[in-house]
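Notes follow the structure.
Computed from the coordinates by the stated procedures, all read-outs in this text should not be read as laboratory data. From a predicted model like this one, the values you see are computed outputs, not experimental measurements. Heads up, the Cβs are rebuilt from the backbone with ideal geometry, glycines too, and the neighbour counts pull from every protein chain shown.
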Amino acid sequence: MTAPLTAKDFATDQEVRWCPGCGDYAILKAVQKTLADIGANPDETVFVSGIGCSSRFPYYVKSYGFHTIHGRAPAFATGLKLANPDLDVWVVTGDGDGLSIGGNHLLHALRRNVNVQVLLFNNEIYGLTKGQYSPTSRIGTRSPSSPKGSIDAPVSPCLFALGAGAKFIARGIDTDAKHLGETLKAAHAFEGAAFVEIFQNCIVYNADVFSSFTEKKVADDAQIHVEHGKPLLFAKGAKGLRFNPQTFRLEVAAVGEGGVPQTDILVHDETNPALAQLLLSMPQPDFPVALGVIYRAPAAAAFEKGFWAGRARPGERAGRVADALRRGSVWTKKAG
Amino acid sequence: MTKIRPEHQSIVVRFAGDSGDGVQLLGAQFAESTALAGADFATFPDFPAEIRAPVGTTFGVSAFQINLGARRIATAGDAPDVLVAFNPAALKVNLPLLPKGALVILNTDEFNERNFAKANIRADPRETGALADYQVIEIPIKALTLEAVKDSGLSRRDAERCKNFWALGAILWMFGRDRAPMEAWINRKFAKAPDVLAGNLAALHAGHAYAETAELSAEIPQFEIGAAPMSPGDYRSITGAEALALGLAAAGELADKPVLFCSYPITPASPLLHHLSRMGDLGVATFQAEDEIAAACAAIGASYGGAIGVTSSSGPGIALKTEAIGLAIAAELPLVVVNSQRGGPSTGLPTKTEQSDLYQAVYGRNADAPVPVIAAAGPGDCFDAAIEATRVALRHMTPVFLLTDGYIANAAGPWAIPDMADYEPILHNAPPQAPDSDDPADLKRAIWARDPESLGRPWVAPGMKGLAHRIGGLEKDIETGDISYEAANHQAMTELRARKVASVAKFIRPQEVEQGPERGPLAVVGWGSTHGVIWRAVEAARKEGLDAAQIHLRWLNPLPDNLGALLRGYERVLLPEMNMGQCATLLRDRLEIGVIPLNKVSGQPFKIAEILDAIRAHYPAAARTPKPAAVGAAQ
């Protein structure tokens, strides 16, 4: 019996060419470790990407990989899964690739529930094209293409996914390897399209854009790690989220002495899309940023399962073309 | 009464009415009865872009033309000998097509002031002398239909809709065709709606009886079109879209691979999607993607995964797929791209035919990105073209364009059912064994070890043990497949991609001359759906004593190796095509051969007479021998 693979076994011989300090390095490590942890078979694992910094990812993972064209990775991945539903397919995309040029394909891969993991590295900027504002950039983002500040409202990746009908929505942070690894494992275990937004720091063009909640010293207060069945507490349990039925909104409440009893705090129900909507809509800095598995719908058949319904394997032939040629009216011309 | 035997043993019938009148169904069923009688035929459905245009308007007129004969039929006919017009608009639109003496059957129930106004007709054409040159038969088809189906229980609206079957009954009598197969078809088709079934059957019989016995029937002529001389064997009627669908399924079977057809609805390509979606038992699956781009990408993803990826569209959709096709070229993956061409640019003429995407197929990509291009010559030929396109895609690991057009896709004709045993299996370059080595370079070289003849690489798909590797659209090292920005390597890869497509010429049949001499005064060169019309025009020219030849191109990229020498053997080359001269450009570009272009972009196929006139006009005077002219215009 061969030894189980380690994270190192999922590294290729290619020199990694992201900028020094790029958040992608941490994500790559987390993914390679996850692959080892779940016992992934490199021969049956495929990383499919589009275009952008994040999309170089497949070159660095020792499995099958396909670096495709801008925005279209979900469409390639869909065709691949239809051809071979047994493959374990990961789609790697970014905020520009997945939500701007490729928004349409992401929408449809999610609503179809193709059984892939979609990792969207969100750095709120176009990196590879040298720093233009992206569809997730906040209003006022100054960039080479928006010198006076961008004026378009940003899209929330996870709310987009929820609206698209995604059945698994989670969030993680590039540098929080432990939590990200757990999130990736949960995404992998989900049968269907699993959407994971990863806050990724672009050290060159958008450095520290997430530091208001990712910095160690503020993390406790500015992040809430949600877990199914557990109360929505943060700040080491000193604060929690409760639901105000009058306003139909969440509120941050102090818990315990001088605050509300813990029974007032909402318990996370990852199967509740309305709660997911609320958790994903919390404005910063008044609310913490929700991380972890925010939404996981009850099991539904993956698209490729329904696609091949009735057939044992793709392309299985019950009939012959020679017979099909004779369907309908056939007449015979006799000799002579 | 005596039956009329048309001069050329063939006759052209055109049905025209509102798009809701059911003339396409009427035409298709008449074609079926023609087929069962053993006559040869070709059909041309000519319908508007609107699904249900306002009733009675000229732009809502839908028509179906069929040329049937007791001899070989090559086209749907230049001009109708018989026109069945269901309303004034249909008469107005189609009257200019009719030769003098043509038979016009009018549904008089619709000839009223209201409908004249809708069709912008000032006065009743029956009274203005507009029909003086034609034999006119007036039949109140609507009223007779309503009378015939009154016991069926159908509403008046639904009862009226049976009138296409009434007309079918009458036309079956006119051509002495058996009603039984039509009855059987109606019984099958409408089994779930007994009242509609009863109405349609009643209308069919009533129309037939009316033509046979009504007092007017002395005026209704009967035509005798017997069986055509065809090779012995089994035949069926087939449209280009059906033949293409079956051809793709056959290609999958011959390659022993699943076929994944990924497409987005577009006119006139959608029938292919519809046919294939019913061929699940033949190893085919269809994926209706969110857009044209996704359809191409999913097909490439499928090919990457080891299935035969096919995508299909018409010009505007193909334009959207272009970037993805470039990736398949770079990644060296097989892909079949079907283009059912239509009139353009932009949305253009969605339901009308054109051959104007040849530049797009041969030249239409960023960078030096060659792909093989094949064109189907007619409905039945779509079957073989699909198999051939797939064979090349798998052998050379490249996207292949298969050009068809709106005319071929919807036109039908008899088709000699092929024997699948006559087709060679479709082979691909088998994946290598995983090398027994720790050096990743050994694996990479094995994965990119291209066949020296075809330059196709092994088809390695995810899931294959020990062969995991990465591919993409960045330029790659010619030996290892690693990303390479090295200057000499890009030069070598670009040349390799060019040589790969050029190498297809080694595997295809040399160009043959279809009729006429192998050297001579004039060759008519065509490609795609003009095959039939050129065949008939050249045949007619030869009967006139003009020693013209017909050469029909199948592979447009690369061209057959012998084509240049062959064409140089003719004093002149005439090239009819439904565009502004795209194939003419190609021949000038690739072979430095100048041709006389004959271009038509009206959305309508060529007429035989147009090509015959051009042959006469361009035939070198010195080559004319004083032979007696024998036969006049034919169709």
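Between amide H atoms placed 1.01 Å from N, distances below 5 Å from B:Asp78 occur with B:Ile608, all of them 5 or more places distant or on a separate chain.
Got a sec? How would A:Arg112, A:Arg313, B:Arg519, A:Arg242 order by Cβ neighbour count within 10 Å, fewest to most? It would help to have the intermediate numbers written out before the result.
Working: A:Arg112 22, A:Arg313 10, B:Arg519 13, A:Arg242 16.
Starting with the residue having the fewest Cβ neighbours, the order is A:Arg313, B:Arg519, A:Arg242, A:Arg112.
Amide H to amide H distances under 5 Å link B:Val400 with B:Leu335, B:Val336, B:Val337, where only residues 5 or more positions off or on other chains count and H is placed in the peptide plane.
If we count other beta carbons within 10 Å of each Cβ, what is the order of B:Phe30, B:Phe15, fewest first? Write down the numbers at each step before the final one.
Values: B:Phe30 26, B:Phe15 31.
The most exposed by this proxy come first: B:Phe30, B:Phe15.
The alpha carbons of the range B:318-470 give a radius of gyration and a Dmax of 18.6, 60 Å, in that order.
Rg/Rh, computed from the Cα trace of the range B:423-492 with Rh as the Kirkwood radius, has the value 1.00. When the Gaussian network model of chain A links Cα atoms closer than 10 Å, the mean-square fluctuations of A:Val48, A:Val252, A:Val289 top out at A:Val252.
For the set B:Lys321/B:Lys352; A:Lys333/B:Lys543; B:Lys543/B:Lys607, the pairs lying more than 25 angstrom apart at their alpha carbons are A:Lys333/B:Lys543. Taking every C-alpha pair closer than 8 Å and separated by at least 6 residues, the mean separation divided by the residue count of the range B:384-522 gives a relative contact order of 20 percent.
Restricting attention to the range B:237-422, close to 15% of DSSP beta bridges with both partner residues there are antiparallel. Shown for the range B:477-572 is the translational diffusion coefficient from the Stokes-Einstein equation, using the Kirkwood radius over Cα pairs, a temperature of 37 °C and a viscosity of 0.692 mPa s: 208 µm²/s.
A simple rule links phi to the HN-Hα coupling: the Karplus curve 6.51 cos²θ - 1.76 cosθ + 1.60 with θ = phi - 60°, which for the range A:178-190 gives 5, 5, 4, x, 4, 5, 5, 5, 5, 4, 5, 6, 6 Hz, with x for Gly and Pro. A dipole drawn for the protein assembly as shown from +1 and -1 charges on Cβ atoms has a positive end, and of B:Ala296, B:Leu612, A:Pro245 the residue lying farthest that way is B:Leu612. Name the aspartates and glutamates eligible as straight-distance cross-link partners of B:Lys100: C-alpha to C-alpha under 19 Å, and not fewer than 8 places from it in the same chain. Candidates past the 8-residue exclusion: B:Glu7, B:Asp78, B:Asp81, B:Glu127, B:Asp133, B:Glu138, B:Glu219, B:Glu610. Each peptide in B:554-561, B:202-209 gets a packing score, the mean of other Cβ atoms within 10 Å over its residues, and the list from highest to lowest is B:202-209, B:554-561.
What relative contact order, as a whole-number percentage, does chain A give when Cα pairs under 8 Å and 6 or more residues apart are counted? Let's see the in-between values first.
Numbers: 674 pairs, mean separation 48.7, N = 336.
Relative contact order here is 14 percent.
Where a Cα-Cα gap under 18 Å defines reach, which lysines qualify for B:Lys500, not counting those fewer than 8 residues away within the same chain? Straight-line reach from B:Lys500, under 18 Å: B:Lys476.
The phi-based Karplus calculation (6.51 cos²θ - 1.76 cosθ + 1.60; θ = phi - 60°) puts the 3J(HN,Hα) values of the range B:14-20 at 10, 9, 9, x, 5, 5, x Hz, whole numbers, x for Gly and Pro.
Normalising the average separation of contacting C-alpha pairs (under 8 angstrom, six or more residues apart) by the number of residues puts the relative contact order of the range B:7-217 at 19 percent.
Stokes-Einstein diffusion for the range B:534-629, with the hydrodynamic radius set to the Kirkwood value over Cα pairs and evaluated at 20 °C in a medium of 1.002 mPa s, equals 150 µm²/s. With the convex hull drawn over the C-alpha atoms of chain A, the volume per residue is 224 Å³.
The alpha-carbon of B:Lys189 sits under 24 angstrom from the alpha-carbons of these lysines, leaving out residues fewer than 8 places away in its chain: B:Lys142, B:Lys150, B:Lys163. The 3J(HN,Hα) values that the Karplus relation (6.51, -1.76, 1.60; θ = phi - 60°) gives for the range B:542-557 are, in residue order, 5, 5, 7, x, 8, 7, 7, 10, 10, 10, 10, 8, 10, 8, 9, 8 Hz. Gly and Pro appear as x.
Taking amide H as placed 1.01 Å from N in the peptide plane, the amide H of B:Gly344 sits under 5 Å from that of B:Leu349, each at least 5 places away or on another chain. Taking a ≥ b ≥ c as the square roots of the eigenvalues of the alpha carbon gyration tensor, the range A:27-109 is oblate, as a/c is not under 1.5 and a/b does not beat b/c. When DSSP beta bridges are restricted to pairs lying wholly in the protein assembly as shown, around 35% turn out antiparallel. For the range B:84-138, the normalised intensity computed at q = 0.15 Å⁻¹ comes to -0.35 (log10 of I(q)/I(0), Debye sum over alpha carbons, equal scatterers, no solvent). Put a plus charge on the Cβ of each Lys and Arg, a minus charge on the Cβ of each Asp and Glu, and nothing anywhere else: the dipole of the range B:7-217 about its Cα centre is then about 440 debye.
Can you sort A:Thr34, B:Thr128 from fewest to most other Cβ atoms within 10 Å of each residue's own Cβ?
Numbers: A:Thr34 23, B:Thr128 11.
Least crowded to most crowded, the residues run B:Thr128, A:Thr34.
For chain B, taking the reciprocal of the average inverse distance between every pair of different Cα atoms yields a Kirkwood hydrodynamic radius of 26.4 Å.
A Cβ-based charge dipole, computed about the Cα centre of the protein assembly as shown with Lys and Arg at +1 and Asp and Glu at -1, lands at about 680 debye.
When the charge dipole of chain B is built from unit charges on Cβ atoms (+1 for Lys and Arg, -1 for Asp and Glu) and taken about the Cα centre, the candidate among B:Pro88, B:Ala367, B:Ala441 whose Cα reaches farthest toward its positive end is B:Pro88.
Calculate I(q)/I(0) for the protein assembly as shown by the Debye formula, one identical point scatterer on each C-alpha and no solvent, and give its log10 at q = 0.06, 0.07 Å⁻¹ to two decimals. Scattering profile of the protein assembly as shown, log10 relative to I(0): -0.54, -0.70.
If you wrap the tightest convex hull around every Cα atom of the range B:7-217 and split its volume per residue, you get 121 Å³.
Given charges of +1 on the Cβ of Lys and Arg and -1 on the Cβ of Asp and Glu, with all other atoms neutral, how large is the dipole of the range B:520-623 about its Cα centre, in debye to the nearest 20? Show your work: numbers first, answer last.
Numbers: 11 positive and 10 negative charges, 27 e Å.
Rounded to the nearest 20 debye, it is 140 debye.
In chain B, the DSSP beta bridges split such that about 35 percent are antiparallel, to the nearest 5.
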